[in-house]
1. What's the total number of residues in region B:1-28 that are part of a loop (DSSP other than H, G, I, E, B), under 30 Å from B:LEU199 (Cβ atoms) and out of contact with any His (no Cβ under 8 Å at 6 or more places or on another chain)?
2. Here are the criteria: (1) in a helix (DSSP H, G or I); (2) free of Cβ contacts under 8 Å to residues at least 12 places away in the same chain. Tell me which single one A:GLY31 does not satisfy.
3. Among the residues of region A:124-134, which ones are assigned to a strand (DSSP E or B) and closer than 12 Å to A:SER87 by Cα?
4. Filter region B:182-208 down to the residues that are surrounded by fewer than 19 Cβ atoms within 10 Å (Cβ to Cβ) and not polar (S, T, N, Q), then identify the one that is nearest to A:SER204 (Cα to Cα).
5. Please go through region B:188-209 and give me each residue that is facing another protein chain (nearest Cβ under 10 Å) and more than 19 Å from the chain's Cα centre (by Cα), ordered by number.
6. Taking the condition in the same structural domain as B:ASP95 (by TED's automatic domain parsing), open to solvent by 40 Å² or more (accessible area, probe 1.4 Å) and either at pLDDT 95 or above or of a type in the set (A, V, I, L, M) (or both), does B:HIS171 pass?
7. Going by the structure shown, is A:LEU67 among the hydrophobic types (A, V, I, L, M, F, W, C) and in contact with a strand residue (DSSP E or B) (Cβ under 8 Å, 6 or more places away or on another chain)?
There are 2 protein chains.
Amino acid sequence: MDIILLEASLELVPPEIRSHPSVTKNAKRVGKDPSEVLLDISLHYHAMQGLSYREKRGRPDIVHSALVMTLTDPGFSGEILIHTIDSKIIKVSKDMRPPKNYLRFVGLMEQLLVHGRVPVDGPPLMEVTSLRLEDVIKDRGLILLDEQGKRISKESLCTSSEYIGIGAYPHGEFSPEVRKMSKANFSISGHVLETQHVLCRLISACAQD
Amino acid sequence: MDIILLEASLELVPPEIRSHPSVTKNAKRVGKDPSEVLLDISLHYHAMQGLSYREKRGRPDIVHSALVMTLTDPGFSGEILIHTIDSKIIKVSKDMRPPKNYLRFVGLMEQLLVHGRVPVDGPPLMEVTSLRLEDVIKDRGLILLDEQGKRISKESLCTSSEYIGIGAYPHGEFSPEVRKMSKANFSISGHVLETQHVLCRLISACAQD
């Protein structure tokens, strides 16, 4: 079972709000340029008011909990990829051990998005590729997990040859661009689940325990 | 299914290291007295070198991820209690929604341990009780989840009348005091699982989805 985190709420502060006072003040406090800082609603709430699609943005903690959940679970042996809200594809090595400490995770993701890879030298643990989502899925296809999809058992996804796509943003729907790439939409719960709970259900059902 | 997080790595900086330079410097930076600060190995590594049982201490992020995992999952309807490494019993209301932001969680837990409850006024969402672990479990009993326990299916725990005890510390074994209170030791995986992965397996197996 290979997973793509879709439209992940993970990006640097976008150019249009880099000169907002709350952004510049915060960046100065940590000794960084605003262009090197992760967009985070807990820091940039006011600056984000005018951003498009803001309900889906500024929540890198969702990617953090998703990566910790997945990559530290000894029962998960699949691949995990990140497709970001601004359409970057990030490859994540199976050797990647995400920092559990949130502030260290933020520092690492800033380094990744600024330099395109971490670590900067040697074999990459995470890498921003030049791929598009359609390139990644073209040979295998994509299945979306979506509360409006057809209800199936979690176990039936364990042997899926398609990539399993899971939204990694706080609110809203998959974009039309992502929807039109999917072969099928499935649901594994009658509840609306957050990203980490979807991952938990899948890993738990499919773990080689 | 009701859960007790056992020997949880959650405490204020203990008296014997409150005057250590790394502790006082850090507390000053956030404008607090060292006695009001949560022990955290990412801040207090050097000061913790001389502490007893230090392999089990200074990891409030374990309780954070455990509470977020459990209390934000719409499929979990049980009770969750915290038994801390220094033997406090903390009651957690089902209405409690733990902050996802780690720094806000730390602030909340500091308030809880300093004042004995949060919020300070009104119905408590979390409360430090005067109970001991043996008081809590005496009518229902306690089952420990432990990699050395007898292997059983996750599903068989869903209807357990006993409390399910899960270690919430980074390394080491349950203490002899906790072990001797348990009726049975079970294992749900051939892997050594972290606290959040044990919770994930249980919630996922037992969720009313």
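The values are calculated or read from the model by the stated rules, or taken from the named source; none is laboratory data. Treat the numbers as computed from the prediction; the structure is a model and nothing was measured. Please note: Cβ atoms are built from the backbone with ideal geometry, for glycine as well, and neighbour counts cover all protein chains shown. Side chains included, ligands, DNA and RNA excluded: accessible areas come from the protein's heavy atoms. Shrake-Rupley method; radii C 1.70, N 1.55, O 1.52, S 1.80 Å.
1. First, the residues of region B:1-28 that are part of a loop (DSSP other than H, G, I, E, B): B:1-2, B:9-11, B:13-14, B:18-20.
Keeping just the survivors that are under 30 Å from B:LEU199 (Cβ atoms) gives B:1-2, B:9-11, B:13-14.
Those left that are additionally out of contact with any His (no Cβ under 8 Å at 6 or more places or on another chain): B:1-2, B:9-11, B:14.
Qualifying residue count, region B:1-28: 6.
2. Of (1) in a helix (DSSP H, G or I); (2) free of Cβ contacts under 8 Å to residues at least 12 places away in the same chain, only one is false for A:GLY31: (1).
3. Narrowing region A:124-134 to residues assigned to a strand (DSSP E or B): A:126-128.
Scanning region A:124-134 gives a single hit, A:VAL128.
4. Filtering region B:182-208 for residues that are surrounded by fewer than 19 Cβ atoms within 10 Å (Cβ to Cβ) and not polar (S, T, N, Q), the one nearest to A:SER204 (Cα to Cα) comes out as B:ALA205.
5. If the condition is that a residue be facing another protein chain (nearest Cβ under 10 Å) and more than 19 Å from the chain's Cα centre (by Cα), then B:ILE188, B:SER189, B:GLY190, B:HIS191, B:SER204, B:ALA205, B:ALA207, B:GLN208, B:ASP209 are the ones that fit.
6. It is false that B:HIS171 is in the same structural domain as B:ASP95 (by TED's automatic domain parsing), open to solvent by 40 Å² or more (accessible area, probe 1.4 Å) and either at pLDDT 95 or above or of a type in the set (A, V, I, L, M) (or both).
7. Answer is yes for this residue.
Listed here are the residues, each with its yes/no results for (1) in a strand (DSSP E or B); (2) more than 18 Å from B:ARG59 (Cβ to Cβ); (3) in contact with a His (Cβ under 7 Å, 6 or more places away or on another chain); (4) without any contact (Cβ under 8 Å) to a residue 12 or more places away in the chain.
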| position | (1), (2), (3), (4) |
| --- | --- |
| B:SER77 | no, yes, no, no |
| B:LEU81 | yes, yes, no, no |
| B:GLY122 | no, yes, no, yes |
| B:VAL136 | no, yes, no, no |
| B:ARG140 | no, yes, no, no |
| B:ILE143 | yes, yes, no, no |
| B:GLY149 | yes, yes, no, no |
